[in-house]
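K.L.:
Following this message is one structure expressed as structure tokens.
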Amino acid sequence: MPCLIGKNVAVIGASRGVGRRIVEATAEEGARVLAVSRQDEPLRQLAQEISGVETLALDAAAEEAPAAVFERLLPDILVIGAGALPPASPFHLLTWREFAVNWEADVKIAFCFCKAALARPLPAGSRIVLISSGAALAGSPNSGGYAGAKRTQLFLADYSQKESDRQGLGLRFTALAPRMMPDTELGRSAVAGYSRYLGMSESDFIRSMGVPTSAADVAEAVVSLVRSADEPSSKVFVVSGAGLEPVAA
């Protein structure tokens with residue numbers, strides 16, 4: 001039986017890749033889903049292909065974006081996955097603007113939505129899942145400021161949980177750190193960039209990863225976390241082809 005019947009789910013960054021897979025997975029589990037993305041045409045296509053999904057086109061990095069989302073659908077489950085494609089170069093070859101692109105997108109989006117979840121606040125028991133990256137834990141020397149930005153997202157999830165606990169809001173914040181996903185646009189760009197950086201073929205680089213993580217793995221991880229009424233064993237989980245792995249505090 002679907003496990004999310006009666007739940008409202010808002011997915012930020014929903015038009016492709018991981019976000020789209022999360023929309024599909026949560027809709028399949030019976031949730032009412034609002035798919036949010038800056039790109040209008042992919043949203044229209046998504047709504048045509050997934051019955052019952054609602055859509056909202058906006059820039060998730062705009063400071064007024066959370067209010068617009070929450071007015072459209074107050075979520076029981078908020079998934080924050082939007083961000084920018086990082087550069088595929090070491091930092092010394094980049095301008096500051098290129099280096100900082102993920103700070104101005106990924107970090108700002110996480111900041112705005114976590115802040116709004118606390119300030120409104122969302123109803124007690126609401127789950128906020130922040131999609132970060134395995135680069136936040138392992139680093140990523142060929143993608144400018146990406147790893148640092150994704151690490152800061154982990155800090156924001158932790159700060160948000162501490163503030164919810166301090167105020168007694170009853171919100172639950174969890175961050176996921178997926179390993180590189182070759183089946184997404186972000187993953188394909190990373191594979192191409194790192195294979196050039198290391199002087200090897202893309203196929204050899206992918207083989208060196210073992211069992212690659214997929215967007216479907218991340219969607220399955222999100223559903224696994226939010227279907228449970230229990231407190232998660234960790235606030236941060238690595239997602240790989242082998243499933244969820246808690247990160248020690």
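K.L.:
Write out, first by first residue and then by second, each pair whose Cβ atoms fall under 7 Å of each other, whose residues are 6+ apart or on separate chains, and whose first residue, in segment 8-29, is farther than 12 Å from ILE77 by Cβ while the second is among the polar types (S, T, N, Q) and crowded, with 24+ Cβ neighbours inside 10 Å.
P.N.:
Once the first residue is farther than 12 Å from ILE77 by Cβ and sits in segment 8-29, its partners that are among the polar types (S, T, N, Q) and crowded, with 24+ Cβ neighbours inside 10 Å give GLY13/SER37; ALA14/SER37; SER15/SER37.
K.L.:
With out of contact with any Lys or Arg (no Cβ under 7 Å at 6 or more places or on another chain), among the β-branched types (Val, Ile, Thr) and under 19 Å from VAL79 (Cα atoms) as the only criterion, which of THR184, THR174 stands out?
P.N.:
Answer to the check: THR184.
K.L.:
Something else about it: For ALA88, indicate whether it is more than 17 Å from the chain's Cα centre (by Cα) and surrounded by 14 or more Cβ atoms within 10 Å (Cβ to Cβ).
P.N.:
yes
K.L.:
Quick one: is LEU176 modelled with pLDDT under 95 and under 16 Å from the mean Cα position of the chain (by Cα)?
P.N.:
So LEU176 fails the test.
K.L.:
If I ask for residues that are under 11 Å from the mean Cα position of the chain (by Cα) and either surrounded by fewer than 20 Cβ atoms within 10 Å (Cβ to Cβ) or of a type outside the set (Val, Ile, Thr) (or both), which ones from segment 1-19 would you list?
P.N.:
Passing the criteria: GLY13, ALA14, GLY17, GLY19.
Matching residues to (1) aliphatic (A, V, I, L, M); (2) over 21 Å from ALA110 (Cα atoms); (3) modelled with pLDDT under 95:
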| site | (1), (2), (3) |
| --- | --- |
| ILE12 | yes, no, no |
| ILE22 | yes, no, no |
| THR26 | no, no, no |
| ALA31 | yes, yes, no |
| GLY52 | no, yes, yes |
| ALA57 | yes, no, no |
| ALA67 | yes, no, no |
| ILE80 | yes, no, no |
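K.L.:
Output yes when any residue across segment 136-145 is among the polar types (S, T, N, Q), in contact with a strand residue (DSSP E or B) (Cβ under 8 Å, 6 or more places away or on another chain) and within 27 Å of ALA216 (Cβ to Cβ), and no when none is.
P.N.:
no
K.L.:
Which of the residues that make up segment 83-103 are of a type in the set (A, V, I, L, M, F, W, C), under 25 Å from LEU130 (Cβ atoms) and part of a loop (DSSP other than H, G, I, E, B)?
P.N.:
Within segment 83-103, ALA84, LEU85, ALA88, ALA100 qualify.
K.L.:
Something else about it: With respect to VAL79, is the statement that it is closer than 23 Å to GLY170 by Cβ and either among the hydroxyl-bearing types (Ser, Thr, Tyr) or buried (at least 24 other Cβ atoms within 10 Å of the Cβ) (or both) true?
P.N.:
In short, yes.
K.L.:
In contact (Cβ under 8 Å) with a residue 12 or more places away in the chain and farther than 20 Å from ALA61 by Cβ, is that true of GLY134?
P.N.:
Answer is yes for this residue.
K.L.:
Does ARG151 satisfy being farther than 25 Å from VAL239 by Cα and free of Cβ contacts under 8 Å to residues at least 24 places away in the same chain?
P.N.:
In short, no.
The values are calculated or read from the model by the stated rules, or taken from the named source; none is laboratory data. Since we're looking at a predicted model, the values are computed, not measured. FYI the Cβ positions are ideal-geometry reconstructions off the backbone, even for glycines, and counts take in every protein chain you see.
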